[in-house]
Structures are given as C-alpha cells and as structure tokens.
Amino acid sequence: MALGRTNGGTEPCSIVLAQRQALMREVFVRLLEGVPALRIADHTDSIDAAVTVAAAKRPDVVVVDDLCVEIEGAAALARIKSASENSAVLLMTNDVDHGQIVAALACGADGIVLTSISVQALVDTIQRLVRRGPAPVLRRAPLGSA
C-alpha cells in the first residue's frame, strides 16, 4: 500500500477529484473508494472548487479531467499547484492532443492519463505520483483490454 506523502506517510493517499460531468465524477469516486490505499478527500465539478479544496485539504493528488481544463485553460493547473504545492496534479483526458499535453506539463501537471486506462492502472499511476516516482506522461489501455 502506498501511503500519502502530505500526511506523513501514515494514512492512505488522499485524492481530490475535479470532474465536470456528474455521472463520471460519481463513477470515479465509487471506483476509487473501493481501493484501500486511496481516500477520496473531496470531489468537485470545477477548477475553482478544486483550488479551494486543495488549499484546505492538501491532498496527495488532485485528479483533473480535461473538460475542466478545456473550459478554464491549462493555466488552471498552475492555480492548483499554487494552492497546494505538495500535491501532485494528474490530468485525465479522452484524447491525445499534443498541444494540450505540452500546455498541461508547462502549467504543472505531474502526469497525464487517458480515461480509457483500467482502474488498476489509474491506481498505480496515483501511487507512483505519491512516491514521487516517474509517472507516465500518457498512459493508454493495453491492447485488447476494456
């Protein structure tokens, strides 16, 4: 079990999820709540709310969906980093867009994953970020997986 870095390594990794779509947000919350090594500290539907929550709760990882970034711009990721500088920021995206990836990394994203990855691959990526290990810039689902 990877333990959180912002809580002294004694508790599960804390996560704030910023997901614009209510249904997808609820699905991600329910999936990740079932993982003992992770704890959902909060979830929001916007970057503004994610910045406020990250500043207050200092999660290990803030997971942001690309719809929030599309609406508010990649610089929104820098606002999250500024609000909680020890938190890693993981961008989830539906599409591979070179410009978006470059902008997200320039604005402080610590990793980028496609929404097509498995739950276990997402958990592994979050745990790598918490350990401050190398996180993928883009992680795809293996061929033949659903």
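Looking at region 67-88, which of the residues that are under 13 Å from the mean Cα position of the chain (by Cα), modelled with pLDDT of 80 or more and part of a helix (DSSP H, G or I) is farthest from residue 106 (Cα to Cα)? Among residues in region 67-88 that are under 13 Å from the mean Cα position of the chain (by Cα), modelled with pLDDT of 80 or more and part of a helix (DSSP H, G or I), the one farthest from residue 106 (Cα to Cα) is 80. The set of residues from region 1-42 being at pLDDT 90 or above and under 20 Å from residue 75 (Cα atoms) comprises 16, 17, 18, 19. Among residues belonging to region 43-87 that are among the basic types (Lys, Arg) and closer than 22 Å to residue 26 by Cα, point out the one that is surrounded by the most Cβ atoms within 10 Å (Cβ to Cβ). Ranking the candidates gives 58 first. Scanning region 109-124 for residues that are buried (at least 17 other Cβ atoms within 10 Å of the Cβ), under 12 Å from the mean Cα position of the chain (by Cα) and either in a loop (DSSP other than H, G, I, E, B) or among the aromatic types (Phe, Trp, Tyr) (or both) turns up 109, 110.
The values are calculated or read from the model by the stated rules, or taken from the named source; none is laboratory data. A quick note: this is a predicted structure, and the numbers were derived from the prediction, not measured. Methodologically, a virtual Cβ is constructed for each residue, glycine included, from the backbone with ideal geometry; neighbour enumeration extends over all protein chains shown.
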